[in-house]
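A quick write-up on the structure given underneath.
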Amino acid sequence: MSAITVQRVLDSEDRQGVITVIEQVFQNEKNWISSAQSQIPEELSEGQPFSWFLARLNGRPVGVLRLLYDPPLALPEEYQVTFMPGIDIDYLKQLGQYVEIGRFMIAGEYRRNHRIALRLMRAATEEVVRRDYTHFITDVFENEPHSPLNFHTRVLGFEVIGRHLFGDLNCSSTRIILTLDILKLYSRVKDSRSRIYR
């Protein structure tokens, strides 16, 4: 059986693994960025406002996830954000402490292996719970062929709270904004035999 490992990225070897995956997915396949190197800082340490995680399958870099702690919930006006009825920035702030999931990607030939994404999410969840955060926030592309929207909403339980037309990646698809209440997810799956709970 293939071995999947996930670890926090703190050294240059793991950083190079992240760059390899970003280059494969965001630069070469999607053409959303011009440089994979610029996506991850050269210096990585515990005290920074972000964490990067690298998934390896039998030692080969295959997946990446970045966490950004305490992200600004108000996006720039030029992004043209619209929220679902009853949701606004003040409402979101009242719900809890947020961590943004970004740069979440699996190399093309491994996307059908959902265990990679689940292991990345497990590592991310352990990290944010340890730091006393309560919610994830992220956005996904609406009509992108490999959009994780279904995985996020159906499997993990993320809820759609809004959308925006523009962002920092070179993609013309509408971005769908999602949040996940971690405690709510735990309550939903704790009495099940779900892989999410395990």
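The values are calculated or read from the model by the stated rules, or taken from the named source; none is laboratory data. Everything numeric here is computed off the predicted structure, so don't read it as measured data. Cβ sites come from the backbone with ideal geometry, for glycine too, and all protein chains shown count toward neighbours. Heavy atoms of the whole protein, side chains included, go into the accessibility calculation; ligands, DNA and RNA do not. Shrake-Rupley method; radii C 1.70, N 1.55, O 1.52, S 1.80 Å.
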- Query: Quick one: net charge of residue 141's neighbours, Cβ under 15 Å, K/R +1, D/E -1?
  - Reply: 0
- Over the range 4-191, what percent of the accessible surface lies on carbon and sulfur atoms, probe 1.4 Å? 48 percent
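Which longest run of the chain has no exposed loop site in it, a site being GluC sites (Glu not before Pro) in a DSSP loop with at most 10 other beta carbons within 10 Å, and the site itself not part of the run? Show your work: numbers first, answer last.
Working: sites that count: 42, 43, 46.
Longest site-free region, per DSSP loop and neighbour criteria: 47-198.
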- For Cα extents along the principal axes in Å, several values are listed as (i) 46, 43, 35; (ii) 64, 43, 27; (iii) 47, 44, 30; flag the one computed from this structure. (i)
- Task: Net charge near residue 174: determine it from the other residues with C-beta under 12 Å of the C-beta of residue 174, scoring Lys and Arg +1 and Asp and Glu -1.
- Result: -1
- Item | For the range 4-191: accessible area per residue (Å², 1.4 Å) | 52 Å²
- Which value, in debye to the nearest 20, gives the size of the charge dipole of the chain about its Cα centre, when Lys and Arg are +1 and Asp and Glu are -1 at the Cβ? 1160 debye
- Item | Antiparallel bridges, percent of DSSP beta bridges restricted to the range 4-191 (to nearest 5) | 90 percent
- Added length on full extension, which subtracts the Cα-Cα distance from 0.36 nm per residue, residue 58 to residue 34: 5.8 nm
- Toward the positive end of the charge dipole of the chain, about the Cα centre and with charges on Cβ (Lys, Arg +1; Asp, Glu -1), which of 41, 166, 120 goes farthest? 120
